[in-house]
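To keep things clear, I will list the structure first and then write my remarks on it.
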Amino acid sequence: PDEAGSSADVLTEAAVTSHTAAPVVVGVDGSVGAIDAARWAAALADRLHVPLHIVTATPYLGHSPSELAMAARVAAMADHHEWADRYLGAAQAAVHADRPNLTVTTESSTASAEDALATATRSAQLLVLGCDEVSALGALLLGSTTLATLDRARCPVVAWRGGSAAPSQRPILVGVDGSGRDGGALGLAFELADRLDAPLWVVHSWALKGFADKHRPSVVDWDANTKGQWRRLNELIEPWHRRHARVNVTRIGESAKASHALHIHAKFAQLVVVGRRHGGSHGQRIVGSTSLNLLHHCTVPVVVCPFESEVG
């Protein structure tokens, strides 16, 4: 059966040459990294034939209710009001210098960054954020704009890093495990590979140690288990490959944790695509997940696709 209906379908169906198409959205804060992220997002929007929307908002300062935090918020709002137009102007100028024919709109929001960006994801194809590495400690204590936005995002979010100002023809790496139709990750990865004329590497991993812990090793048919994993991988890929037949696909099976398997191959890729479940507590969704591991360690852009947790 064709695994349609995932988050990737939004991108596929909306990616048409039209000023009304859902845009690629990028958040900027005046930093050099944000400007480069905007240039990368513009190059991607150009390849998808959609507009670019540049957003700036009051910095995310966590959810502490203390008087000091409230004072910091007031100061941040005043600072944002003074500098927002300059942030947007610098990003728009850099984008137009690269791609003068791209349709670009801008928005200065008085809302906090996590609120403004979460709202933007409701009508965006992709949201791009220039970000540094996200530490597990930071996620537990304060969080970050990236994590706060991922927690509420309704479209795929790109945590941009690595210094490249445009997508390339290096491989796109996607991790799959069959959950929630892979969260749209597999379909989105095929769509991006097709649009960017890039090869696609599909990684399916399985931890034999955990499997052996539940079964007596002496009675496990390891060969049958491995063949079953490869069969499942081919079943996941087939419907998407039919829709994107010209994409050059490499299937990779690893007997390892998903994060480790993806890190092995990420050094050769231009970006990594993974899925992330909605539902459960913030800690269950983000902390300790493959997504957080990649956000913490990966040196290339990480695309995180949200999907609904399966019930039952």
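The table below gives the values:
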item	result
Packing-based ranking, highest mean first, of 244-253, 21-30, 265-274 given that Cβ atoms within 10 Å are counted	21-30, 265-274, 244-253
Heavy-atom surface of segment 85-125, accessible at 1.4 Å and reported per residue (Å²)	51
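The values are calculated or read from the model by the stated rules, or taken from the named source; none is laboratory data. A quick note: this is a predicted structure, and the numbers were derived from the prediction, not measured. A quick note on method: Cβ atoms are made from the backbone with ideal geometry, for glycine too, and the neighbour counts reach across all protein chains shown. The area values use the complete protein model at the heavy-atom level, side chains included, leaving out ligands, DNA and RNA. Shrake-Rupley method; radii C 1.70, N 1.55, O 1.52, S 1.80 Å.
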